[in-house]
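First the structure, in the form of C-alpha cells, and then the observations on it.
Nothing in this text is a laboratory measurement; each read-out follows from the coordinates by a stated rule. Remember, predicted model here, so these are calculated numbers, not experimental data. Cβ coordinates were reconstructed from backbone atoms using ideal geometry, including for glycine residues, and neighbour counts include every protein chain displayed.
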Amino acid sequence: MTKFKGIAASDGIAIASAFRLTEPDLSFNKKTITNTDAEIERLRHSIDVSKQELRVIQQRTFKDLGRHEAEVFRAHIAILSDPELLKRIETMIKTQHVNAEYALKAVSDGYIQIFNSMTDNDYLKQRSTDIKDVTKRVLSHLLGVTLTDPALIDHQVIVIAHDLTPSDTAQFVPNFVKGIVSDMGGRTSHSAIMSRTMEIPAVVGFQGSLSEIKDGDEVIVDGLTGNVIVNPTADERNVYLRKLHDYQQQNAHLTSLKNVATASSDGKHPILAANIGTLADLQAAVDNGAEGIGLFRTEFIYMDAQQLPSEQAQFNIYKTVVKKMGSKPVIFRTADIGGDKELPYLHTPHEANPFLGYRAIRMSLDQPGIFRTQLRAMIRASAYGNLSIMFPMIATITEFEHAKQIYEDERAKLIAAGVSVGRIRLGIMVEVPAAALLADQFVNVVDFMSIGTNDLIQYVMAADRGNRRISYLYQPYNPSVLRLIKSVIDACHSSGKPAYMCGEMAGDQRAIPILVGMGLDEFSMSATSILKSRALIKQLDSRKMVTLANKTVSLASTSNQVLKYVHQALAEP
C-alpha cells in the first residue's frame, strides 16, 4: 500500500482499477518548406477538422452537463477561429519557410508564455490551458496521430493523467469513470469544475501520479481529503468501503432535505439561495432546493454574446428566471464587467490593475446607454416574479444614488408607456471596504445589502486571491474580516434591513456557524452546497452561535486560531 496527498477537487470516494490516460507522441522536427501554399492549406484543413470535432464535443457536453460547461468548447472554437492567430501562423510559414507543426507550436507557445507571465490570476492561466488543448488537437491532425478517446472507456476505472483537458473530461462516462487523479490542476480549473458537475471524485495537483501508478493498480480516491491510496491493504480497503457507504447514505439524507425549509434547531429560518450565471445553473438551483436566487451574474449574458445583448434578449432570460422561481426571491446583479471578465467587443483599454479599475458599476455609470438597456429589461421582467436588483462594486453613496436615479428614470418611462412592472427592491454588493465601513449610512438609502466576500476579503487583506505566492493572506476567518462582516450585518439589522451574503464564504461549512451567530438573513452559494448547508444549519442552535460569533470577532488572533476555536466550540456537547 502506498498513500499520496493531493488537492481535493471534487467530493466523493471511489475505488477501482487504474486507467492511465497517457499523452500521444506529438513530437516533430522543424522542416524547411518550399511549397508554403500547400503547407498553409494543410494547416487550415487540420484546423477545420479540429473545429468540427469541438462542435460535436460542445453539443454532447451541452446535452449531458449544461450550457455553462459547454461554453468551454465555444471558447476553444473561438481560439481556432481567431484571424490574428491564424495570420501569425501563416506568416511564419510564408516568411520562414517552416512546416505547419513548427509554426503552430511556436505561435501558441508565445501566447502561453504571455498569459503565464502576465499575472498569477487563475482566469488567465485557464486561457493558457485552453490554448494548449486546442494546439494539441490541431497537432494531432497535422501529424496523423489519433488522440486517446476517453469516451471509449467501457469498464469502471480511476483515470490517472498528467493533465486533463476540458475536452478529455467532457467525454467521460460517469458510470465508468469513477474517479480522477492528475498531476496538474486546481479546484478552479475547467476539468475540476466539470468533475464536480458530473459528481466524479477527483484529486489533482498530485505530482508523479503517472510514474507512481500503473495500469490495473487498485486505487482509492478520496475527494473529500485529497488522499490517494494505491494497492490498499484489505483493512484499508474495508475502511474506505465503509466510508463510501457512509458518504452515499449522507447524500441520500441530503436529497431528502430538498423540499424542507431551512431552519436551525431553535427555529431560526435563514434563506439558502443559489448563485447562478446561466439558465442551466437555474435548473441545478431548483434541483438542489434553493429558496431563492441570491446572485444572478448577468455579465455571463454579455460574455456569451458576440455583441451587446439587446433589451429583448435580456428580458427573455430575466423573465424565464423569475417565472421559474415563482414567489421565491431573485436578485439580479447588474453587469460586473471588467477585472477578469473582459468583453472583446467593448474594446476597453488595458489596465495595470483591472480589479481596482474600470469595472462593474463604474463602467455602467460611464456608459449609461448599456446600463439603461439592462435596467429596462430587468424592470419589465419584474412583473413576472419576485425581483430585486443590486449594483456591484459600489464604493460611495453618490454612486448608488446615481445608479438609482437612472433606474427610476427608466421605470417611469416604462410605466408611462403602459408597461406593467412589479415591486423592485434595490441593494448593493458590499465588496469595497469603504462601503462596508459606511454600512450604517448606506442602510438609509438601500433596501438590502449583500456581502460579496470574494472581493471584500482580498481588498481588506490587500492580497490578490488569484496570486498563489500570497495565498496565505487570503483569510476569510481573519478577525479583521469577521469584524467587518459583522458590522455590516449589525448596521442592516439596526435599521430593519436584511443582510445577505453571496460570496464563497456563504457556502463554507466552517463559516456558516459564525454567520448564523451573526444573524445573516440569506446565504447564497453554489447549488451543490445548498443541501449540506441546510443539514448543518439544522444542527445549530442560533443562540449558542451568537456566543461563538461574538468570541471570534473579539479574538486578536490568526485565521487558523479562529477555525480551531470554532471546531472546539462545535465539538462541545
Looking at the chain, send over the antiparallel percent of its DSSP beta bridges, to the nearest 5. 30 percent
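Arrange 93, 512, 40 by Cβ neighbour counts within 10 Å, fewest through most, would you? Show your work: numbers first, answer last.
Details: 93 22, 512 25, 40 19.
Neighbour counts put them in this order, fewest first: 40, 93, 512.
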What's the extension gain from residue 91 to residue 454 if we count 0.36 nm per residue and subtract their Cα-Cα distance? 126.4 nm
Just flag the trypsin sites (Lys or Arg not before Pro) in region 1-56 sitting in loop per DSSP whose Cβ has no more than 10 other Cβ atoms within 10 Å. none
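For the chain, calculate the relative contact order in percent as a whole number, restricting contacts to Cα pairs under 8 Å that are 6 or more residues apart. Write down the numbers at each step before the final one.
Details: 1075 pairs, mean separation 79.5, N = 573.
About 14 percent, as a whole number.
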For region 318-333 and region 436-464, what is the separation of their C-alpha centers, rounded to whole Å? 24 Å
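Between residue 565 and residue 353, 0.36 nm times their residue separation minus their Cα-Cα distance comes to what? Display every interim value, and only then the final one.
On the way: separation 212, 0.36 × 212 = 76.32 nm, distance 3.66 nm.
Fully extending the segment from residue 565 to residue 353 adds 72.7 nm.
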Residues meeting the amide H criterion for residue 10 (H placed from the backbone, H to H distance under 5 Å, 5 or more places apart or on another chain) are 202
Distance from the Cα centre of region 484-510 to that of region 78-111, in angstrom? 51 Å
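Mind scanning 5/564; 178/564; 319/544; 319/497 and naming the pairs with a C-alpha gap bigger than 32 Å? Could the numbers behind the result be given before it?
Details: 5/564 22 Å; 178/564 34 Å; 319/544 41 Å; 319/497 26 Å.
Among 5/564; 178/564; 319/544; 319/497, the Cα-Cα distance tops 32 Å for 178/564; 319/544.
Provide 74, 359 in ascending order of the number of other Cβ atoms located within 10 Å of each residue's Cβ, fewest first.
Ranking 74, 359 by Cβ neighbours within 10 Å, fewest first, gives 74, 359.
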So how far apart, in nm, are the two label points at residue 106 and residue 28 if each is 7 Å from Cα heading toward Cβ? 1.2 nm
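Give, in nm to one decimal, the length gained when the segment between residue 84 and residue 286 is fully stretched (0.36 nm per residue of separation minus the Cα-Cα distance). Provide the component values of the computation, followed by the final result.
On the way: separation 202, 0.36 × 202 = 72.72 nm, distance 4.20 nm.
Full-extension gain reported as 68.5 nm.
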With each pseudo-label sitting 7 Å past Cα toward Cβ, what's the residue 420-residue 251 distance in nm, one decimal? 4.3 nm
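Of the beta bridges DSSP finds with both residues in region 266-571, what % are antiparallel, to the nearest 5?
Working: 1 of 29 bridges.
Expressed as a percentage, antiparallel bridges in region 266-571 total about 5.
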Quickly work out the residue 263-to-residue 242 label distance, labels modelled 7 Å from Cα along the C-beta direction, and quote it in nm with one decimal. 3.4 nm
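What ranking of 79, 213 emerges when the number of other C-beta atoms within 10 Å of each C-beta is taken as an exposure proxy, fewest first?
Working: 79 19, 213 22.
The fewest-first ordering by Cβ neighbours comes to 79, 213.
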